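Here is the structure we will look at, set down as structure tokens.
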Amino acid sequence: MVLNMFDPKLLDGVKTVHFIGCGGSGTYPLIQILHSHGFAITGSDVEETKNTEAERALGVKVTIGHDAANLGDAQLVVYSAAIHEDNPELQAANARGIKTVERSVLLGYVSRLYPHSVCVAGTHGKTTTTCMITTMLELAGRDPAAVIGGKLPLIGGYGKAGSGQSAVIEACEYHETFLHLTCAVGVILNIDNDHLEYYGTMGQLKLAFQKFALLSHTVVFNMDDHNTLDVVNSIDRPVLSFGIQEEARFRAVNVAEYKPGFYEFDVLEMGENFAHIRLSVPGYHNIYNALAMCCCVRPLGLRPEDAVRAAESFHGTGRRFEIKGECNGAVIVDDYAHHPTELEATLKTAKGLGYQRVIAVHQPFTYSRTKMLMDDFANVLREADQVVLLPIMGGREEDDGTVSSEQLAAKIPGSVVVDGLEGAADWVKQHAGKGDLVVCMSCGDLYKAADMMVGK
């Protein structure tokens with residue numbers, strides 16, 4: 001039986017849990033958390049990863065390859081979104097009557113284990129903000145649990161179990177998976193036109209965020225984002241607002257660059273001094289992420305100085321403007337940006353750092369997004385001095401032949417299309433040099449090309 005709704009008895013009588021796809025970044029933190037609560041854990045995946053190594057170190061029995069025999073005496077089977085219905089372990093679990101649950105549903109259960117859970121939602125900035133809040137709680141000695149979409153060096157990975165009363169969870173709106181969560185504090189950073197192949201209209205997307213807000217005791221929201229404001233104005237929940245342009249409860253003023261691309265600013269709470277924040281990550285957009293963190297100080301019972309320390313200590317996470325090294329003297333950056341708004345923020349940051357030339361290497365992700373937002377992608381990418389495009393990575397979508405990277409390139413003067421990851425790395429090795437900043441942008445596997453560029 002597949003459980004898609006919250007079952008308060010999900011773990012009743014369960015001693016052994018099996019994870020299909022245990023090496024995934026979204027699965028590993030859940031394994032850590034359940035293990036810390038005394039469950040026996042087994043898992044399987046198609047290849048060895050650093051996560052599977054770490055799981056074995058915990059005492060988890062990990063098998064490489066999927067086989068019905070891997071289930072053992074499991075009483076609950078958890079599978080990731082990448083697992084298909086014909087997976088032999090999933091089929092065997094259903095045939096044996098073992099309860100099965102997708103990881104996002106289990107994550108919802110985990111969110112209810114912690115009285116001070118913070119769930120961070122929004123089209124852009126989720127990972128960075130989740131990392132900032134986790135850093136704040138960690139440095140304040142709260143030992144939070146965390147489930148993050150990127151690697152946070154401070155905790156050594158994508159998440160941690162923690163022994164405290166707090167949990168910080170990245171809440172993904174993809175296919176409404178964030179509606180499994182229940183949180184003490186629900187953060188809405190922004191709402192942009194993404195995943196419309198699923199939602200259909202912006203109205204339906206906003207409705208999903210409205211439901212998310214109603215699953216939160218207190219809502220932290222961006223007053224400068226009109227779509228978010230529409231959502232919050234339609235709910236009856238305690239709220240904490242942040243912004244720069246609008247008169248929000250937490251507002252950034254006296255914004256200034258203390259070095260190219262890096263910002264500091266004063267935060268006012270209801271017009272009174274709250275803190276002076278100095279960011280250790282580049283980009284104007286990170287002001288909003290830091291303001292969201294500042295809002296969380298109050299409901300979590302922290303102090304303004306905890307936010308100050310976190311902002312100074314947080315130097316970024318994996319795949320978020322991550323400097324990988326150099327190639328022929330050119331600096332290579334890997335970034336998760338895959339939506340036009342994210343590409344715009346990343347390129348704006350890159351252009352503000354003073355390099356002679358910014359080279360954008362972009363791997364479009366999903367045919368539907370590329371087709372729907374083609375002109376937006378083209379307009380944003382034109383801001384780079386040179387654009388290198390890879391073939392579209394389809395993800396879970398099939399190529400119907402109606403959209404291609406060549407079509408996008410035709411809208412960007414001087415751009416080139418290369419043949420895959422090695423082609424991108426070879427182009428950079430041949431054409432980039434000292435004074436160039438190469439920004440690799442995608443949520444796919446473009447990071448592999450970035451590694452090739454720097455010789456990893």
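The values are calculated or read from the model by the stated rules, or taken from the named source; none is laboratory data. Values in this document were obtained by computation on a predicted structure and should not be read as measured data. Positions of Cβ are backbone-derived with ideal geometry, glycine not excepted, and every protein chain shown enters the neighbour counts.
Filtering segment 129-138 down to residues that are of a type in the set (A, V, I, L, M, F, W, C) and in contact with a strand residue (DSSP E or B) (Cβ under 6 Å, 6 or more places away or on another chain), which residue is surrounded by the fewest Cβ atoms within 10 Å (Cβ to Cβ)?
L137
In segment 154-202, which residues are surrounded by 24 or more Cβ atoms within 10 Å (Cβ to Cβ) and either at positive phi or small (G, A, S) (or both)?
G159, S166, A167, A171, G186
Having 2 or more residues that are under 26 Å from the mean Cα position of the chain (by Cα) is the bar; report the strands (runs of 3 or more DSSP E) wholly within segment 35-84 that clear it.
Once the strands (runs of 3 or more DSSP E) in segment 35-84 are filtered for at least 2 residues that are under 26 Å from the mean Cα position of the chain (by Cα), what remains is 40-45, 76-79.
Where in segment 215-261 are the strands (runs of 3 or more DSSP E), entirely inside, with at least 2 residues that are modelled with pLDDT under 95?
Here the list reads 250-259.
Here are some conditions: (1) under 14 Å from M132 (Cα atoms); (2) touching a residue at least 60 places away in the same chain (Cβ under 8 Å). E326 meets all but one. Which one does it not meet?
Of (1) under 14 Å from M132 (Cα atoms); (2) touching a residue at least 60 places away in the same chain (Cβ under 8 Å), only one is false for E326: (1).
Counting just the residues of segment 1-58 that are of a type in the set (A, V, I, L, M, F, W, C) and exposed (fewer than 13 other Cβ atoms within 10 Å of the Cβ), which one comes out modelled with the lowest pLDDT?
Checking each candidate, the answer is M1.
Confirm whether R298 is in a loop (DSSP other than H, G, I, E, B), charged (D, E, K, R) and surrounded by 15 or more Cβ atoms within 10 Å (Cβ to Cβ).
Criteria met by R298.
Any residue in segment 373-381 that is modelled with pLDDT of 95 or more, among the β-branched types (V, I, T) and over 16 Å from I359 (Cβ atoms)?
No.
Quick one: in segment 270-288, of everything that is farther than 27 Å from Y355 by Cβ and surrounded by fewer than 14 Cβ atoms within 10 Å (Cβ to Cβ), which residue is nearest to the chain's Cα centre (by Cα)? Full working, then the answer.
The first filter runs over segment 270-288 and keeps only residues farther than 27 Å from Y355 by Cβ, leaving 270-276.
Next, only the ones that are surrounded by fewer than 14 Cβ atoms within 10 Å (Cβ to Cβ) stay: 270-273, 276.
Details: M270: 30, G271: 32, E272: 32, N273: 31, H276: 27 Å.
Across segment 270-288, the extreme among qualifying residues is H276.
With respect to the numbered conditions (1) in contact with an Asp or Glu (Cβ under 9 Å, 6 or more places away or on another chain); (2) closer than 30 Å to S216 by Cα; (3) part of a loop (DSSP other than H, G, I, E, B), which one is the sole condition not fulfilled by L10?
With respect to (1) in contact with an Asp or Glu (Cβ under 9 Å, 6 or more places away or on another chain); (2) closer than 30 Å to S216 by Cα; (3) part of a loop (DSSP other than H, G, I, E, B), L10 is out only on (1).
Does V267 satisfy the condition of being in the same structural domain as L302 (by TED's automatic domain parsing), assigned to a strand (DSSP E or B) and either crowded, with 18+ Cβ neighbours inside 10 Å or β-branched (V, I, T) (or both)?
So V267 fits the description; yes.
I need the full set of residues from segment 398-429 which are of a type in the set (A, V, I, L, M) and free of Cβ contacts under 8 Å to residues at least 12 places away in the same chain, in order please.
A410
Just the residues that are part of a helix (DSSP H, G or I) and among the hydroxyl-bearing types (S, T, Y), please, taken from segment 93-138.
Hits for segment 93-138 are S104, Y109, S111, T127, T128, T129, T130, T134, T135.
Pull out all pairs, ordered by first then second residue, where Cβ-Cβ is under 9 Å, the residues are six or more apart or on different chains, the first lies in segment 43-71 and is at positive phi, and the second is surrounded by 13 or more Cβ atoms within 10 Å (Cβ to Cβ).
Hits for this filter: G59/H35; G59/A40; G59/I41; G65/S44; G65/D45.
Cβ-Cβ below 7 Å, separation at least six or inter-chain, first residue in segment 252-274 and over 15 Å from L291 (Cα atoms), second exposed (fewer than 13 other Cβ atoms within 10 Å of the Cβ): which pairs?
If the second residue must be exposed (fewer than 13 other Cβ atoms within 10 Å of the Cβ), the pairs left are P260/G354.
For segment 427-456, give me the residue count where each residue is assigned to a loop (DSSP other than H, G, I, E, B), over 16 Å from K324 (Cβ atoms) and modelled with pLDDT of 95 or more.
Total meeting the criteria: 3.
State all residues of segment 139-153 that are surrounded by fewer than 24 Cβ atoms within 10 Å (Cβ to Cβ) and either part of a loop (DSSP other than H, G, I, E, B) or modelled with pLDDT of 95 or more (or both); if no residue qualifies, say none.
Within segment 139-153, L139, A140, G141, R142, D143 qualify.
For residues that are under 22 Å from the mean Cα position of the chain (by Cα) and of a type in the set (D, E, K, R), scanning just segment 204-256, find the one that is surrounded by the fewest Cβ atoms within 10 Å (Cβ to Cβ).
Restricting to residues being under 22 Å from the mean Cα position of the chain (by Cα) and of a type in the set (D, E, K, R), the top hit is K211.
Answer yes or no as to whether L389 is of a type outside the set (G, A, S), farther than 19 Å from K348 by Cα and free of Cβ contacts under 8 Å to residues at least 60 places away in the same chain.
On the way: of a type outside the set (G, A, S): yes; farther than 19 Å from K348 by Cα: no; free of Cβ contacts under 8 Å to residues at least 60 places away in the same chain: yes.
No; evaluated as a whole, the condition is false for this residue.
Which count do you get for residues in segment 304-349 that are surrounded by fewer than 21 Cβ atoms within 10 Å (Cβ to Cβ), in contact with a strand residue (DSSP E or B) (Cβ under 9 Å, 6 or more places away or on another chain) and over 22 Å from K448 (Cα atoms)?
4
Any idea which of G72, G97, G38, G13 is among the small types (G, A, S) and in contact with a strand residue (DSSP E or B) (Cβ under 9 Å, 6 or more places away or on another chain)?
Exactly one residue qualifies, and that residue is G72.
Provide a single number: the residues in segment 84-99 that are touching a residue at least 60 places away in the same chain (Cβ under 8 Å) and surrounded by fewer than 20 Cβ atoms within 10 Å (Cβ to Cβ).
Selection size over segment 84-99: 3.
Tell me which helices (runs of 4 or more DSSP H) are completely within segment 312-426 and hold 2 or more residues being among the small types (G, A, S) and within 30 Å of V281 (Cβ to Cβ), or say none if there are none.
340-351
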